[in-house]
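Undergrad: Questions regarding the structure given below will be posed in turn.
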Amino acid sequence: MRAAVIVASLVAVTTSALGAQVVPAPNGAAARANPAVVKHTVKRGDTLWDIAKYYLKDPFRWPDVFHANTDYVKNPHWIYPGQVLNIDGSAVKPEVAAQANSEGFVVAQIQTRAQAPTVFSETDAMPAQQAVGSTSMPPTLTVRPGEYEAAPYVVSDGSPLVAGRVVGPVDPPALGLSSEAGFKLFDRVYITAPAGSTLSVGDRLTVSRTDATISDIGRVVEPTGILRIDSVGSGNHASASIVKQFGSILPGQSIVASGRSFESTIVRPVPGAYPLTAKLLWIQGSPRLPSVQTYVILGASESKGVRMGDQFTLLDDTRFSDGTRAPLAATATVTIVRVTPFAATGIVVNQTQSEIRMGMPSRLTAKMP
């Protein structure tokens, strides 16, 4: 997809999550049930944008198609002729779902562009693909390991953070360059380990920024990368390689233990009318217009029963010019990816309004069972 299209990926929040009533079929006629899974075989010239427009009516819902197929589509910029994409049958337009055969396949007549930016030619290699007869949907809207590892989180501001430090480069920078500009993926660095820790070759530690705070809540730890220990020296000194990078890694940044182990799950949150509400306390990077894939922190914690995978809907509480409050309107959906005793971190997965701002309210609209 073009960058402008990706920035504009705004997907509607489902009305079921907001408690909307279901309208019965006209004249009491029973509506034909859509297949659980509708399938599309990618053809030369197809794009996720066009596929979403054909099946879901709204091209801005292309992330729905992408997230349902991440086991096979690793990059939304590239889909391959011959790939089979699974699409949630309940979201497909009835007139299109009616064309599905017994295996869920639809022979879609999608109008493609002459210069499609998201496909290779038929002669290019295609990654291993799911079996043609498969009818199961890949897990969606669950927390993935990378989302958990990169998620900022809140710790107590009253006690010191037990952390080591990035000291400097193992390999001297090229002539005229400085390590103060930061390190990149696979660079090797010298570190000091957190006090009291025992390191072994192969251990992984998280590099983090720790300069942001949320008033009356705590300190924000923002992971910038993952290090793998290559060798251990005397005391708490070691050398390590950067194996994952989420942001700028600079000398002096904190090194903390990677925390609890994480395992992804296929369990999905259950939509419902839940009483829990929370304010938006922090937005990573303070962007002018936060959008899909932005990390945010909500004023909800473990003590309130919040779990990874829960979903909150951000609500617009705009006031009219006379000061009266407008009816709350759904703005975006946030999936919780990390929870501490102080706050909950979420990632924006769907968005229907352009403005996401500090202090706006949210409501729990889907909860992990």
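Just so you know, all these numbers are worked out from the coordinates, no wet-lab data involved. Just so it is clear, the structure is predicted and the values come from calculations on it, not from any experiment. Note: ideal-geometry Cβ built from the backbone for every residue, glycine included; neighbour counts use all protein chains shown.
Undergrad: Assuming R0 = 25 Å, what is the FRET efficiency of PHE320 and ASP216, from their Cβ-Cβ distance, to the nearest 0.05?
TA: Values: r = 30 Å, r/R0 = 1.21.
Here the calculated transfer efficiency is 0.25.
Undergrad: Please give, to one decimal in nm, the separation of the simple spin-label points placed at ASP58 and ARG228, each 7 Å out from Cα toward the Cβ.
TA: 4.1 nm
Undergrad: Also, I was wondering about something else. From a point 7 Å beyond the Cα of ARG144 in the direction of its Cβ, which residues of region 240-258 have a backbone N at a distance under 19 Å?
TA: It comes to 243-247, nothing else.
Undergrad: Something else about it: For ASP50, ASP230, ASP171, what ranking results if the residue with the fewest other Cβ atoms within 10 Å of its Cβ goes first?
TA: Result, fewest neighbours first: ASP171, ASP230, ASP50.
Undergrad: What does the charge add up to near LEU314, with Lys and Arg as +1, Asp and Glu as -1, over the other residues with Cβ less than 12 Å from its Cβ?
TA: After counting each charged neighbour, the total is 0.
Undergrad: Give me, ordered by chain and number, the residues 5 or more places off ASP310 or on other chains with an amide H under 5 Å from its own placed amide H.
TA: Excluding prolines and chain starts, which carry no amide H, the hits are ILE336, MET368.
Undergrad: Still on this model: For region 146-257, how big is the tail of P(r) above 19 Å, as a whole percent of Cα pairs? Kindly include the intermediate steps, with their values, before the conclusion.
TA: On the way: 2682 of 6216 pairs.
Result: 43 percent of Cα pairs exceed 19 Å.
Undergrad: Still on this structure, please answer the following. Based on the Cα coordinates of region 270-367, what is the per residue volume of their convex hull in Å³?
TA: Values: hull volume 9.7 nm³, N = 98.
So the per-residue hull volume is 99 Å³.
Undergrad: Same structure, new question: Given R₀ = 56 Å, what would the calculated FRET efficiency be for ALA36 paired with SER159, taking r from the Cβ atoms and rounding to 0.05?
TA: Details: r = 50 Å, r/R0 = 0.89.
Efficiency computed from Cβ-Cβ geometry: 0.65.
Undergrad: Follow-up. Which of the lysines could a cross-linker span from LYS39 if the Cα-Cα distance has to be under 26 Å and same-chain partners fewer than 8 positions apart are dropped?
TA: LYS53, LYS57, LYS74, LYS93
Undergrad: Now for a separate question. If I take R0 = 41 Å and measure r between the Cβ atoms of GLU302 and LYS93 in this structure, what FRET efficiency does the formula 1/(1 + (r/R0)^6) give, to the nearest 0.05?
TA: 0.50
Undergrad: Still on this model: Apply the a/c threshold of 1.5 to the C-alpha gyration tensor of region 202-262 and tell me whether it is rounded, prolate or oblate.
TA: On the way: a/c = 1.93, a/b = 1.86, b/c = 1.04.
Since a/c reaches 1.5 and a/b is larger than b/c, the shape of region 202-262 is classed as prolate.
Undergrad: Which chymotrypsin sites (Phe, Trp or Tyr not before Pro) from region 180-231 combine a DSSP loop assignment with at most 11 other Cβ atoms within 10 Å? If you can, show how the numbers build up before the last one.
TA: On the way: sites: PHE183, PHE186, TYR190; in loops: PHE186.
Here the sparse-neighbourhood loop sites are PHE186.
Undergrad: Would you mind counting up the charge near ARG325? Only other residues with Cβ under 12 Å from its Cβ, with Lys and Arg at +1 and Asp and Glu at -1. Don't skip to the end; give the middle numbers.
TA: Values: positive: ARG319; negative: ASP316, ASP317, ASP322.
Surrounding charge for ARG325 is -2.
Undergrad: Work through the residues other than GLY202 whose Cβ is under 15 Å from its Cβ and net out their charges, Lys, Arg +1 and Asp, Glu -1. Show your work: numbers first, answer last.
TA: Details: positive: ARG188, ARG204, ARG228, LYS244; negative: ASP203, ASP230.
Charge balance near GLY202 sits at +2.
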